[in-house]
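These notes are about the structure you will find just below.
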Amino acid sequence: MKTTDHPSLDPLSLDLLNLLEQADPGVADLLAAEANRQANTLELIASENHVSAAVMHAAGTWMTNKYAEGYPGKRYYGGCEHHDTAEDLARDRAKELFGCNFANVQPHCGANANIAAFMAMCNPGDRILSLPIKSGGHLSHGLKPNFSGTFYEIHDYDVDPESERLDYDVIAARAREVQPKMIICGYSAYPRTIDFERFRAIADDVGAILMADIAHIAGLVAGGAHPSPFPHAHIVTTTTHKTLRGPRGGLILSNDEDVAKKVDRKVFPGSQGGPLMHIITAKAVAFGEALQPSFNDYAAQVVSNAAALAEGLVEHGYRLCTGGTDNHLLLVDLQPRDADLTGADAEQWLEAAGIITNKNGIPNDPRPPMVTSGLRLGTAALTTRGLGTDDMRQIASWLDRVMASKGDEAVAREVRGEIREMCDAHPLPH
Ligand code: DSN
């Protein structure tokens with residue numbers, strides 16, 4: 001594969017491919033193929049996005065060469081002057097972005113942020129109240145094989161079986177019953193606004209800590225399109241790469257100095273060694289981007305696009321869990337449209353047509369997690385490409401055409417061609 005096959009790539013990316021063509025042609029080929037895949041398909045995975053060229057290239061720099069165990073001003077290695085500056089910049093920008101007093105930018109990912117948060121706020125064996133993964137929670141909130149389910153006593157709350165939404169009165173009753181040390185809110189597949197204030201009242205009622213994992217909605221919070229977990233949550237964790245559109249990584253935020261001190265100890269040396277300074281530098285760049293006024297427009301458009309996609313799918317006969325969406329994602333129940341259609345089939349057929357999604361269990365899903373009756377869709381990446389609400393209606397109609405055809409190859413080929421035109425008109429960010 002020649003780099004001249006990629007006229008839409010930014011100059012640094014072309015230089016990288018040229019360099020690798022000499023140094024490691026196999027890797028050059030696979031990277032070029034992945035760049036093409038991302039450019040030529042529609043990304044609807046709710047937890048993914050397309051970073052700017054500035055964020056992407058900031059993640060691949062000299063900063064990767066350095067050990068910087070410790071924190072700015074207190075490192076275990078010499079030569080950390082510029083690493084201190086980068087980490088301070090990332091921390092200051094994160095605090096400004098989320099309106100809080102403390103940020104730890106070292107967690108390598110969201111699950112690592114959650115490990116450190118659990119260790120900071122709880123002791124092994126403590127009771128934790130969270131939403132299980134089968135109802136939209138995250139595996140690091142208490143799944144049995146995960147650290148959380150292994151070392152803590154996990155109790156569930158659930159969404160209402162009819163409305164599929166959080167029922168705060170029921171959660172409050174459950175909290176009184178369980179008397180947890182910590183309550184977790186924030187989810188991977190919940191399409192509705194989270195009432196953080198109500199969660200804090202529930203936590204206060206039983207003397208529990210409130211942890212908000214805002215990994216999915218962080219960009220919406222930063223851009224003013226979802227209420228903030230501050231001042232309600234005692235501790236907030238997130239990833240940096242979903243709606244926030246930064247490099248792949250984690251982040252912990254708080255307003256409380258005692259929480260902050262504990263978190264710092266539990267990230268390093270509690271659960272991690274050397275921080276990924278190249279990623280922390282890219283986090284600083286991404287937070288700088290999210291502080292621009294245009295990021296508010298982006299966040300608002302993500303939400304409008306999700307609403308338009310939801311409307312389009314409902315018009316085609318699909319049922320949406322909870323009846324719709326308030327945020328960037330929708331959870332589609334495929335059963336009413338076609339009782340035989342599974343999430344696994346839909347994911348595979350759509351990928352063949354150039355639409356990238358993930359199968360996802362729906363509340364009370366009769367099918368196992370590798371099959372599922374649902375599809376989770378998100379609009380963060382499409383919105384980054386500059387797509388709007390009219391495009392979402394077109395995409396809803398492609399989704400239906402492919403799923404209704406049951407993976408017919410000719411239909412997939414046709415749709416793929418049409419999608420290619422939309423992709424060419426909306427190149428990835430440079
Ligand atoms: N695995 C992520 C998601 O797709 O939602 C959550 O970390």
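Among (1) touching a strand residue (DSSP E or B) at 6+ places or on another chain (Cβ under 8 Å); (2) among the small types (Gly, Ala, Ser); (3) open to solvent by 50 Å² or more (accessible area, probe 1.4 Å), which single condition is Ser304 missing?
(1)
Filtering segment 260-269 down to residues that are open to solvent by 40 Å² or more (accessible area, probe 1.4 Å) and touching a helix residue (DSSP H, G or I) at 6+ places or on another chain (Cβ under 8 Å), which residue is nearest to Pro72 (Cα to Cα)?
Only one residue fits best here, namely Arg265.
Could we say that Gly274 is over 23 Å from the mean Cα position of the chain (by Cα) and either more than 21 Å from Asn123 (Cα to Cα) or crowded, with 24+ Cβ neighbours inside 10 Å (or both) here?
yes
Can you give me the number of residues within segment 324-350 that are farther than 18 Å from Leu309 by Cα and charged (D, E, K, R)?
3
Just the residues that are within 20 Å of the chain's Cα centre (by Cα) and either within 16 Å of the ligand (Cβ to nearest atom) or on the phi > 0 side of the Ramachandran plot (or both), please, taken from segment 34-92.
Glu43, Leu44, Ile45, Ala46, Ser47, Glu48, Asn49, His50
Which count do you get for residues in segment 336-356 that are touching a Gly at 6+ places or on another chain (Cβ under 8 Å) and not in a helix (DSSP H, G or I)?
The total comes to 2.
Just checking, which of Gly186, Gly137 is buried (at least 21 other Cβ atoms within 10 Å of the Cβ) and either at pLDDT below 95 or on the phi > 0 side of the Ramachandran plot (or both)?
Being buried (at least 21 other Cβ atoms within 10 Å of the Cβ) and either at pLDDT below 95 or on the phi > 0 side of the Ramachandran plot (or both) holds for just one of Gly186, Gly137, which is Gly186.
So which helices (runs of 4 or more DSSP H) are wholly in segment 107-208 and hold at least 2 residues that are more than 16 Å from the ligand (Cβ to nearest atom), in contact with a helix residue (DSSP H, G or I) (Cβ under 8 Å, 6 or more places away or on another chain) and closer than 26 Å to Pro275 by Cα?
Helices (runs of 4 or more DSSP H) meeting the threshold: 110-121.
Against the conditions (1) under 28 Å from Val263 (Cβ atoms); (2) touching a residue at least 12 places away in the same chain (Cβ under 8 Å); (3) not in a helix (DSSP H, G or I), where does Leu89 fall short? Just the number, please.
In the conditions (1) under 28 Å from Val263 (Cβ atoms); (2) touching a residue at least 12 places away in the same chain (Cβ under 8 Å); (3) not in a helix (DSSP H, G or I), Leu89 misses (3) alone.
Val314 passes all but one of (1) in contact (Cβ under 8 Å) with a residue 12 or more places away in the chain; (2) open to solvent by 50 Å² or more (accessible area, probe 1.4 Å); (3) part of a helix (DSSP H, G or I); which number fails?
Going through (1) in contact (Cβ under 8 Å) with a residue 12 or more places away in the chain; (2) open to solvent by 50 Å² or more (accessible area, probe 1.4 Å); (3) part of a helix (DSSP H, G or I) one by one, Val314 breaks only (1).
The values are calculated or read from the model by the stated rules, or taken from the named source; none is laboratory data. For clarity, every value in this text was computed on a predicted model and none was experimentally measured. Glycine gets a Cβ as well: all are built from the backbone with ideal geometry, and neighbour counts include every protein chain shown. Surface areas here come from the heavy atoms of the whole protein model, side chains and all, with no ligands, DNA or RNA. Shrake-Rupley method; radii C 1.70, N 1.55, O 1.52, S 1.80 Å.
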